[in-house]
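Here is the structure we will look at.
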Amino acid sequence: MLISAYFRLVRAGYVLAREGALSIIVARDLPLPLRFGIGLGRVIERPSVRRTGHVERLNRALNRLGPTYVKFGQTLATRPDVVGAEVAADLAGLQDKMEPFDAALVPAILLEALGSKAGELTELSAPIAAASIAQVHQAKLVPADGARKTVAVKILRPGVAQRFMADIESYYAGARLAERLVRSTRRLKPTQVVETLDRSARLELDLRLEAAAISEFAENIKDDEGFVIPSVSWDHTAQNVLTTTWVDGIPIRDTAALDAAGLDRKTLAKTLLQSFLKHAIRDGFFHADMHPGNLFADPRTGAVVAVDFGIMGRINRAERRFLADILFGFITRDYRMVAQRHFDIGYVPAAQSVDDFSLAIRSIGEPLHGRTAQDISMARVLGQLFTITDLFQMQARPELVLLQKSMVLVEGVARALDPELDIWTIAEPVVGDWLRREEGPPGKLADLKDGLKIFADAARRVPVILAQAELALADFHAEKHNREVFPRWMLLALGWLALILVAVMIWRVTRL
C-alpha cells in the first residue's frame, strides 16, 4: 500500500472534520470508542460550525475530495431524517449540478470513441447535467439508415478513472488500518466492503457495461407498469460514451413541479418503492444508484423514469429469499423468524441466542409500526442497529452492501415524496406475493431446478475429480516409496558412521 493512500485518507478525514461532517452524526447511540473518536475529530471543526451548528461547506468539501466522496454525499442528500434538512439540501447539488468539464473537449472525445459514427450526433447541447463521473448532453441522432431522433449522450469526465482509483486505494488503506487497530471492526469486514465498492466502481467506468445493464434490465421489466427506462443506441456507445433515447420528465425532487402537473406524489412513492423491491427480490438485479438526480416522473403517464445505470446490484436467489423473509417478518411482526434468518445466513454467530436476538429485533421493529415516515428518526434507528450488531457480534455480508445502500437511497426518495409513507403496507404486496409464489409449485420447481443444476455441475466435474484423485494417489505412492527408501539409506549411512567412530575411538585408546 503506497504511503500516498494514507496521506489522502488523512487529508480527507481532516477536511470532513473541519467542515463539520462529524457534527451531523448522532453519537449518543454509538459505542464508546466511536463517540470518543467523533469528539476528538470535532476539536478541529471550523469555529462557525461549532458556534452556529450549521454545516454549510460540506458540498464543496466532498466535491474537492473526489468522485467516491461525492457518491457518499449523494446518499446523505436523500436522508434529511439522518443528516438534517439543511445539510441534505446542500448536498443535493452533488447529484447532477456539479461543474462540467470543458465543452471544447467533447468533439475530440466523441471522434476518438465513435470514429465515423460521431458525425451522426448533431446539435450537441451544453451539458444539461454534470455529476461526479460523467456529464450528459442532449443531441440529435441522424443515422444514415434511420429516422432522426433526440438522444442523451453521456460522456465520462477525462481523468476520472485515475481519481476513482486513487480514492479507492485510500479506502483500502483505511479499511486495513481499521482492521488492525480496532478489533471490533473486523466483524464488519471493511476490506471486503471496499472490494465490493471497487468492483462496482470499475464497472461504472466502462459505459459499454452500463449499456449492457440497461439491456438486461429492460428485459426484466418489459411487462411491468409504472417504471420506464431509456434504450441504448449501440452504434454510438463506447467505453467512455453512452448514447440512449431521450426521456422527458419532471425531476422527482421537484415536488412543486410534480404538484403543478397534477401528479400524485403518494402514488409515485409507492411505485418507486414497489418497483425497487420487484427488481431486487423478483429479478435479483436492481438499480443501485437511485438518488433523485437519476429519477424523473412522466407527466403524461405518471410513471417513474430512471436513468444512469452505471451502478447495478445483483443478488442470488438465497439472498433474495433472505431479504424477502426479513421484510415480511417485520411486516407481520414475526421477529423470531427475522432473528432465525439472520442465524441461517450467517449474519449472527451460532453461539449467540436466537431468543435474545429476537428480543433485540423486536425493540427496533415495534416502534416503527403504525407510524408515518415523518414520525420515525432513522438516525436513532441506525444508531440502535449499530449497537445491536456490536452486542451480538453480527458479521457483515459484503455482497449485500449495494442492496443495503440502495434501500437507504430509495426509502429516502420515497420519504421526500410522501412524508406519511408507510413502508410496511407498501412493501407487503410485493414481498408477500413473491414468498407465496416461492412456497407454491413455481417456487418448488425453481428449488428442484437449482438442485438439479448443482447435481449436473457436480456430475460434469466427476471425471476431472477422478483424474485428479488418480494423479494424487500416484503422487502419494511415489512419495511413500521415497519415504521408505530414504530412511533405509539414512540408517545404512548412520551405521557406517557409527562403525567409523568406534574404530577411531579404539585407535585413540590404543595410542594412549
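Just subtract the alpha-carbon distance of Arg148 and Thr387 from 0.36 nm times their residue separation and send over the number in nm, one decimal.
Here the segment from Arg148 to Thr387 would lengthen by 80.3 nm.
With a cut-off of 8 Å between alpha carbons and a minimum separation of six or more residues, what is the relative contact order of the stretch 143-276 in percent? Write down the numbers at each step before the final one.
Working: 103 pairs, mean separation 35.6, N = 134.
Here the relative contact order equals 27 percent.
Quick check on the exposure proxy: order Glu428, Glu216, Glu439, Glu120 from fewest to most C-beta atoms within 10 angstrom. Could the numbers behind the result be given before it?
Working: Glu428 16, Glu216 13, Glu439 10, Glu120 20.
So the ranking, lowest neighbour count to highest, is Glu439, Glu216, Glu428, Glu120.
Which length gain, in nm to one decimal place, applies between Ile364 and Arg300 when the Cα-Cα distance is subtracted from 0.36 nm times their residue separation? Present the calculation step by step, with values, prior to reporting the outcome.
Working: separation 64, 0.36 × 64 = 23.04 nm, distance 4.04 nm.
My answer for the length gained is 19.0 nm.
Counting other beta carbons within 10 Å of each residue's own, what order do Trp234, Trp434, Trp246 fall into, fewest first? The partial results should precede the final answer.
Working: Trp234 12, Trp434 21, Trp246 16.
Result, fewest neighbours first: Trp234, Trp246, Trp434.
For the stretch 128-196, take the alpha-carbon Rg, divide it by the Kirkwood Rh, and send me Rg/Rh. Could the numbers behind the result be given before it?
On the way: Rg = 20.5 Å, Rh = 15.5 Å.
Using Cα coordinates only, the ratio equals 1.32.
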Legend entry - Exposure proxy ranking, count of Cβ atoms within 10 Å, fewest first, for Met337, Met394, Met312: Met337, Met394, Met312
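Per residue, what volume in Å³ does the convex hull of the Cα atoms of the stretch 249-439 enclose?
Working: hull volume 22.0 nm³, N = 191.
Cα-based convex hull of the stretch 249-439, divided per residue, equals 115 Å³.
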Legend entry - Selection of chymotrypsin sites (Phe, Trp or Tyr not before Pro), the stretch 259-357, meeting DSSP coil and at most 15 other Cβ within 10 Å: none
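Which of Lys222/Lys270; Lys117/Lys405; Lys117/Lys270; Lys270/Lys405 have a Cα-Cα distance over 30 Å?
Details: Lys222/Lys270 19 Å; Lys117/Lys405 38 Å; Lys117/Lys270 41 Å; Lys270/Lys405 19 Å.
Those over the limit are Lys117/Lys405; Lys117/Lys270.
Every number here is computed from the coordinates shown, using simple stated rules; none is lab data. Just so it is clear, the structure is predicted and the values come from calculations on it, not from any experiment. Positions of Cβ are backbone-derived with ideal geometry, glycine not excepted, and every protein chain shown enters the neighbour counts.
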